[in-house]
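**Q** After the structure tokens below, expect a handful of questions from me.
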Amino acid sequence: MSTNSSNAETLADYVASQDTLVQEAAEALPHQFSHCTYPLGHLRQAVYLCLTCPEARGICSACSIACHTDHEQVELFPKRNFRCDCPTEAIGHPCLLHTTAEPVNELNWYGQNFQALFCRCKRPYDAATENETMIQCLACEDWFHESCCNLREPPSSEDLPPENKDHGPNGDAVSKASNDLPPALIGPEDYDSFVCSGCVLKIPILQRYAGTRGCFIVVRDLPTSPWKILPDIHTDNHESLKVSSVPESSIHSNKRALSPTGVDGSTVKRARLLPIPSPSDAGCVAPIPNRTAQKIFADLTSSIDPSPALSTGDVFLTDGFRERWCRCTSCILELEAHPYLLNEEETYEPPEDPDSALSLDELGMRALSRLPRERAIDGIHAFNAMKDDLVQYLRPFAQQGKVVNETDVRNFFDGLLEEKRASREHQS
Ligand SMILES: [Zn+2]
Ligand SMILES: [Zn+2]
Ligand SMILES: [Zn+2]
Ligand SMILES: [Zn+2]
Ligand SMILES: [Zn+2]
Ligand SMILES: [Zn+2]
């Protein structure tokens, strides 16, 4: 019980942690990888960029598993109005799920994410080294670093992953999680949606609301002053009903970089502002514009001083913002030009499985977030290895158009567990 106990504990813990991963993944894995979404047309759906294929196009999640299995890919998360490019002539690699060659999708929009670049800093995204939470813009659906939105200082050089360093297949350079960084000026629990300044500058009604109740911007008085939230976040929430909030840890722990704020928002109760009553026909009830914000947008749009020294002009909208817009004839016209401001969009999920829109990485991270921190690092390695094996295992199913059922997935994990146990026992 003495010298062996720590070993035994480690092994038991290890197996337990594997069991957790296995269980999580098996429960939530999509059961079908056999249908490309091409026939469904343009939808808001999870889109993957294949880095191995030379074409800067997007593929659906089924194709990412079935057709580009051993290709390097980046998950771009939901993109609206997107049709899978895999079966089209735009991509040379053949689609195994939808075998009719289709014409190029003229209506798909390809932003910089399709060059594997993200945020206004135009950095590539590497899940293994990114240590900041990124926020998706509601309008352009690009992703932004919290520090690039002035929510915190950029990670210092020692926090930053060593660049141009080979991380090896095991992802040895596991990045620090966001919760090791200083807290963000406003966190995901404080707002529902984010619109980047590039988009705000094209949407006048957002400029008008910026800096008023439920529509935050991050500003500073002088280029040397600290960043602050406008309007003051505490005052702004004063009249609202604060619902019992989820423990800090479940909000921040292992919050995955690129994890879209709001997707897991169901677990986070946010402060909710009461809607502004709609005008009958009495005229515009939009709030009086905030002067500081107006000056900022004037500066940002002027060719004289487009410097974002005092604000980037990003806007953070709090929960319930869709019900709070003024709906006078003039405001509603503006809002209707951007339907996502009025109605929450549906993101396509394959039928028959409520969890199937989750990515493998997300499943893994969900499992990992339940592990103690120090074991999470081991878990990441184990999970990455498992994911590779799993993709290999699933490939024939996808290629033959066979439906993967629960038992198949279980069999895979059982085999994997056996292997791990055997190799552990062998070592000790
Ligand atoms: Zn597809
Ligand atoms: Zn590919
Ligand atoms: Zn395909
Ligand atoms: Zn950035
Ligand atoms: Zn944007
Ligand atoms: Zn109005």
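Nothing in this text is a laboratory measurement; each read-out follows from the coordinates by a stated rule. Quick caveat, the model's predicted, so the values are computed rather than measured. A quick note on method: Cβ atoms are made from the backbone with ideal geometry, for glycine too, and the neighbour counts reach across all protein chains shown.
**Q** Using amide H atoms built in the peptide plane, which far-off residues or other-chain residues are under 5 Å from residue 135 H to H?
**A** Under 5 Å from the amide H of residue 135 lie the amide H atoms of 144, 145, 146, each far enough along the sequence or on another chain.
**Q** Tabulate in residue order the Karplus-calculated ³J(HN,Hα) for segment 309-322, using 6.51 cos²θ - 1.76 cosθ + 1.60 with θ = phi - 60°, rounded to whole Hz; enter x for Gly and Pro.
**A** Those phi angles translate into 4, 9, 5, 6, x, 5, 10, 10, 9, 7, 3, x, 4, 5 Hz.
**Q** Residue by residue, what Karplus-based ³J(HN,Hα) values in Hz, rounded to whole numbers, does segment 200-207 have, using 6.51, -1.76 and 1.60 with θ = phi - 60° and x for Gly and Pro?
**A** Those phi angles translate into 4, 5, 9, 10, x, 5, 6, 5 Hz.
**Q** Let me check against my output: what whole-number percent is the relative contact order of segment 48-142, with C-alpha pairs under 8 Å and at least 6 apart?
**A** 24
**Q** Of 126, 70, how do they rank once you tally other Cβ atoms within 10 Å and put the fewest first? All intermediate terms of the calculation are to be shown ahead of the outcome.
**A** Numbers: 126 16, 70 9.
Final ranking by Cβ density, sparse to dense: 70, 126.
**Q** For 53, 86, what ranking results if the residue with the fewest other Cβ atoms within 10 Å of its Cβ goes first?
**A** Sorted ascending by nearby Cβ count, the order is 53, 86.
**Q** Calculate one ³J(HN,Hα) per residue across segment 93-106 by plugging θ = phi - 60° into the Karplus curve 6.51 cos²θ - 1.76 cosθ + 1.60, and present them in order as whole Hz with x for glycine and proline.
**A** For segment 93-106, the Karplus-derived couplings read 4, x, 7, 8, 9, 10, 8, 6, 6, 10, x, 4, 6, 6 Hz, x marking Gly and Pro.
**Q** Further question: Listing 109, 227, 325, 143 from the residue with the fewest other Cβ atoms within 10 Å to the one with the most, what is the order?
**A** In order of increasing Cβ crowding within 10 Å: 109, 227, 325, 143.
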